[in-house]
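For reference, the structure is listed below as structure tokens.
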Amino acid sequence: MSANTPTILALDFDGVVCDGLIEYFETAWRTYCEIWSPPHPMPPEDLAPRFCKLRPVIETGWEMPVLIRALQLGVDEADIWHNWAAIAQQLLQQADLTAADIGKKLDRVRDEWISTDLDGWLSLHRFYPGVVEKLQFLVTSSVQPVIITTKEGRFVSQLLQQQGVDLPEKFIFGKESKRPKYQIIQELIGVTAKTAVSLWFVEDRLKTLQLVQQQADLEAVRLFLADWGYNTASEREIAVRNPRIHLLSLSQFKQDFSAWA
């Protein structure tokens with residue numbers, strides 16, 4: 001295997017392989033309705049596109065219905081971009097809720113939806129252009145693709161199967177793994193310790209890549225920030241200035257690995 005080709009390609013799922021924005025919004029809206037009881041059960045027409053545009057400010061699921069609350073209250077979008085953490089905390093205090101309270105409600109709303117209408121829930125996920133074809137090629141190549149995600153592995157497996165991507169479940173590390181992504185990467189490298197391994201990791205969350213970067217035993221892992229995912233312009237600028245992290249475009253992702261750097 002050449003230096004320009006990995007032996008293992010580790011991929012985040014949401015924001016790299018799959019666009020879950022429609023599902024995010026629908027789950028967030030249902031949770032918002034339970035908490036704040038808006039007068040109308042249907043969201044305003046302009047709410048979903050505004051939510052999707054601002055999605056990169058969100059780090060954890062509980063923030064999604066809070067973002068809807070901010071937009072419904074008329075909080076300026078520029079303020080949200082620049083001061084989201086403080087705005088979110090203020091809205092929590094006003095509602096006399098904690099992040100854990102909202103997180104539990106969000107998980108319950110999603111779990112109930114999945115248990116009553118799994119096909120409908122799965123149908124809200126869209127794959128980024130060209131990614132399915134890339135994965136179909138990789139699963140028959142000498143490069144081993146691996147999915148590392150906070151989504152439940154069984155749903156990732158179903159979504160991939162629907163697209164004709166036959167990736168064995170042992171190569172899908174989901175929410176049930178209950179350990180950080182950098183630890184899974186360490187384990188993947190450890191399993192193949194007897195042979196030379198080159199692991200590349202594509203993720204859309206800068207902080208996750210920075211955590212990998214902080215691990216002394218993962219210095220050889222090549223890190224890529226997917227610029228088509230849920231990240232901000234400032235995060236992409238930070239990645240460009242970081243010698244360990246490569247900013248990757250979707251057009252590059254679909255090309256040969258030699259075009260990635």
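Where a number appears in this text, it was derived from the coordinates with a stated rule and is not lab data. Quick caveat, the model's predicted, so the values are computed rather than measured. As a convention, Cβ positions derive from the backbone with ideal geometry for all residues, glycine included, and neighbour counts pool all protein chains shown.
Observations, loosely collected:
- Sequence-distant residues sharing a close amide H with His246 (under 5 Å, placed H): Leu223, Phe224, Leu225
- Sequence-distant residues sharing a close amide H with Leu167 (under 5 Å, placed H): none
- Mean residue ellipticity (222 nm) of the chain, computed from DSSP H runs ≥ 4 via -39,500 (n - 2.57), nearest 500: -14500 deg cm²/dmol
- Sparsely packed GluC sites (Glu not before Pro) within the range 198-235, loop by DSSP, other Cβ within 10 Å at most 10: Glu219
- The chain - Debye-derived log10 I(q)/I(0), Cα point model, q = 0.10, 0.11, 0.16, 0.17 Å⁻¹: -0.53, -0.64, -1.28, -1.40
- Computed log₁₀ I(q)/I(0) - Debye formula, equal Cα scatterers, no solvent, the range 21-122, q 0.14, 0.21, 0.24 Å⁻¹: -0.50, -1.14, -1.47
- Interchain or long-range residues, amide H under 5 Å from Phe127's placed H: Asp19
- For the range 112-128, backbone phi angles converted through the Karplus equation (6.51, -1.76, 1.60; θ = phi - 60°) give residue-by-residue couplings of 5, 5, 4, 6, 9, 8, 4, 4, x, 5, 4, 5, 7, 9, 10, 8, 5 Hz, Gly and Pro being listed as x.
- Highest-fluctuation residue, Val139, Val212, Val202 considered, GNM on the chain with Cα pairs under 10 Å: Val139
- Per-residue ³J(HN,Hα) for the range 209-215, Karplus 6.51 cos²θ - 1.76 cosθ + 1.60, θ = phi - 60°, Hz, x for Gly and Pro: 5, 5, 5, 4, 4, 6, 7
- The lysine pair tally for the chain, using Cα distances under 14 Å and a gap of 8 or more places or different chains, is 5.
- Secondary structure note: in the chain, about 10% of the DSSP beta bridges are antiparallel.
- Cα-based shape type of the range 95-241, given that a ≥ b ≥ c are square roots of the gyration tensor eigenvalues and the cut on a/c is 1.5: oblate
- Global geometry of the range 185-261, whether rounded, prolate or oblate, following the gyration tensor of its Cα atoms and the 1.5 cut on a/c: oblate
- Whole-angstrom gap from the range 231-261 to the range 42-101, using each part's C-alpha centre: 28
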